[in-house]
Amino acid sequence: MDGTNGLKETTRVTAPVASNTLSVNVFTAPGKAMVGERPRPFGEPLGFDPATSTLIFGEHDAVLVDAMTTVAEAEALADWIALHNRNLETIYITHAHFDHFYGLSVLLDRFPGARAIATPKAVEGIQMYLSPPVQQLARRMFPGQVPTKLLGPQPYEGDTFTLEGHELRIIEQGRTDCPDSTSLYVPSIGLIVAGDVVYNQCRMYVGDTTPESRQNWIAALDRLAALNPAVVVAGHKKTGAPDSPSTIQDTKRYLQDFDRLQKTATSDQQLFDQMTELYPYWVANQSWLMFGFPQS
């Protein structure tokens, strides 16, 4: 983790997109501590990766991608959106993990004219994260921080929608770090908002993957690379890291290194240490991201 849990460290990055009509800004909330004990006696204290929300905007209107977790994050995000003086039309949720949509109710209270959407498969997964057991778990992890009211997006059946006449394409990616992940592609400005298909100098959540699902994840990355994007926004990124297309290959390399080392490692700690040596500057070096939590 980058050592900052206060929103004062949130960065606002303007991506270098050459467009007279659409622009993009990225809001990054720093990593946050999580209540509980580490599932293994190595790695950093429990916490979550830094997370991003992306605002795509034209002359009058805007689309937001992903909605943060906590009240404080979502309120700071809402204040930041308001600074752009645009009409927020749509909030698009890339996948079901709660750190990308639990802040949705706060945003919809601030921007009641916005619609919140996700693919039908993602919405189905989101229902599990809205279930009482998962809500209770999240409130134990982040006591006093999760919104009292939690909402999910509505299912959106199409594979494109528009912003001021510009097409935004939904790319269904299947299983990556989550079932039924998606990315959003804006061809007119060469922008990919990748969701958790891409990580940017953050330890990746591979603890819920298999060799087979990691191959699907790599195929998803190859699909993104084939689009030859100018800007790629990862779902999780180190504060201040550039939104570079090279993050696609960095993510792929991490998966390949993990696969290769897992085959020969004699213990979880050895594998963890080997990956730490290969990626010493990536933040959020927590064992649960690599190995998950023990099944009760």
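The values are calculated or read from the model by the stated rules, or taken from the named source; none is laboratory data. Small disclaimer: the values here were computed from a predicted structure and weren't measured. Here Cβ is always computed from backbone atoms with ideal geometry, including for glycine, and neighbour counts include all displayed protein chains.
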T94 being outside any helix (DSSP H, G or I), of a type outside the set (K, R), surrounded by 15 or more Cβ atoms within 10 Å (Cβ to Cβ) and within 15 Å of the chain's Cα centre (by Cα): yes
Single residue of region 260-296 satisfying the filter (touching a residue at least 24 places away in the same chain (Cβ under 8 Å) and in a loop (DSSP other than H, G, I, E, B)) that is nearest to D177 (Cα to Cα): G292
Top-ranked residue in region 12-54 [being modelled with pLDDT under 85 and surrounded by fewer than 16 Cβ atoms within 10 Å (Cβ to Cβ); ranked as farthest from F98 (Cα to Cα)]: N20
Test: residue in region 48-57 that is in contact with a Phe, Trp or Tyr (Cβ under 7 Å, 6 or more places away or on another chain) and at positive phi: no
Number of the exception - E75 against (1) assigned to a helix (DSSP H, G or I); (2) touching a strand residue (DSSP E or B) at 6+ places or on another chain (Cβ under 9 Å): (2)
Candidate set from region 251-269 (those that are surrounded by fewer than 18 Cβ atoms within 10 Å (Cβ to Cβ) and touching a Ser or Thr at 6+ places or on another chain (Cβ under 9 Å)); member that is nearest to T209 (Cα to Cα): D268
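I want to confirm something. Restricting to region 126-166 and keeping residues that are β-branched (V, I, T) and out of contact with any Lys or Arg (no Cβ under 9 Å at 6 or more places or on another chain), which single residue is farthest from G47 (Cα to Cα)? Spell out the reasoning first.
First, pick out the residues of region 126-166 that are β-branched (V, I, T): 126, 134, 146, 148, 160, 162.
Those left that are additionally out of contact with any Lys or Arg (no Cβ under 9 Å at 6 or more places or on another chain): 126, 134, 148, 162.
Working: I126: 21, V134: 17, T148: 21, T162: 36 Å.
Checking each candidate, the answer is T162.
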Considering residues of region 118-141 that are under 13 Å from T94 (Cβ atoms) and either basic (K, R) or out of contact with any Gly (no Cβ under 9 Å at 6 or more places or on another chain) (or both) only, the residue surrounded by the most Cβ atoms within 10 Å (Cβ to Cβ): A122
Qualifying residue in region 274-281 (condition: aliphatic (A, V, I, L, M), at pLDDT 95 or above and surrounded by 18 or more Cβ atoms within 10 Å (Cβ to Cβ)): yes
Unmet criterion (only one of (1) in contact with a Cys (Cβ under 9 Å, 6 or more places away or on another chain); (2) surrounded by 21 or more Cβ atoms within 10 Å (Cβ to Cβ)) for C178: (1)
Region 142-155, subset over 18 Å from R115 (Cα atoms) and of a type outside the set (V, I, T), residue surrounded by the most Cβ atoms within 10 Å (Cβ to Cβ): F142
Residue match in region 241-259 (condition: polar (S, T, N, Q), within 17 Å of E44 (Cβ to Cβ), outside any helix (DSSP H, G or I) and in contact with a strand residue (DSSP E or B) (Cβ under 8 Å, 6 or more places away or on another chain)): no
